[in-house]
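Working notes, structure below.
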Amino acid sequence: MKRLSVNSLAQRVPAHHRGTAALLLVILACLGIQISTAVAAPLLDRISPLSLAGLRSFCAAIVLLILVRPRVSKLKKSDWPQVILYGVVVTFLNIGYFSAIKYIPLGIAVTIEFLGAFGVSLLGVQRARDGLISLGALAGVILIAGPSFESTQIVGYLWAAMSALCMAGYTLLSARMGHGSPAVEGLKGLAISICISALLLSPLSVPVMGEIGWDGWLRVALAGSMGIALAYSSDAVAARLTSAAVIGVLLSLDPVVGALIGTVVMGQVLPLPAYLGILLIAASGALLVWKTNRSAIAISAHHPNTAILDAIVEAKTGQLPIIRPEDR
């Protein structure tokens, strides 16, 4: 079996089909994460969110090790800080995410998590009027929390807020992941970080491995393979097929997909204002990312060091191409 390579997969797509392929891959990633979450969610009645996050990472690590086959022995001393820190952030991101969906609907949890990447986007705002887009996201939060908030759900909102903070850190760290030595390029760094995450959660996941049954293992295997391995790989390939600005906008589909999957698959029907709030946050995020990318392109023509701006749309993949003037 050949080692999975992001570049080799992207090169197989004809130039005139790359835009469509990128769109389909991002949608596939969104669906993979949300559907696999819906499939794994019933296990929260039997095991803790932390144990479920650990089992998910364990299955994802196995898949990535088989497909990517990273060579840990080849890592340089300078590579270890980024893969360890990335693994730690991913661990807490998953803990917050699964802890949140135990108490609040999937669509709301995903939307609040998305606010972390949205907040990082504000770092790239160059004009005050572009910053006003954040008011749209604030209005969306009010629409979501107002009619749907219950005091019994406050724990879920706090966990979702934690996942949002981790998503912000994850977005910034993605600017560095994959840009070290050849041992971490492509998906290799991601694979090693997911292994680290699985090890960190092993004290909570190993004790419950015999308690979930074969049906539970099918659920966590699907969550790990679709929700992490397939989703992250799809995003990474999509990032090689089109511009960073386009990918950033497409990633704003996450809250909408989360709300749809929560409603259709999990039966979590939200009040109408909550759906409007989710759409408003997704649209605000797409617009803000597009505008900050356009600003980044203009700035990079005169200032090559735009690491923070590059990080704005590198949420999830860590593999987006460096923004160049010709991307316009």
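Where a number appears in this text, it was derived from the coordinates with a stated rule and is not lab data. Every value quoted in this text rests on a predicted model; they were computed, and no experiment measured them. Positions of Cβ are backbone-derived with ideal geometry, glycine not excepted, and every protein chain shown enters the neighbour counts.
The Cα-based radius of gyration of the range 10-49, divided by its Kirkwood radius, gives an Rg/Rh of 1.30.
Highest mean first, what order results for 212-222, 52-62, 271-281 on Cβ atoms within 10 Å? Intermediate values should be presented prior to the final figure.
On the way: 212-222: 16.4, 52-62: 26.9, 271-281: 19.2.
Ranking the peptides 212-222, 52-62, 271-281 by packing returns 52-62, 271-281, 212-222.
Given N residues in the range 44-145, what is Rg(Cα) / (2.2 N^0.38 Å)?
Working: Rg = 18.1 Å, N = 102, 2.2 N^0.38 = 12.8 Å.
Here the answer is 1.42, to two decimals.
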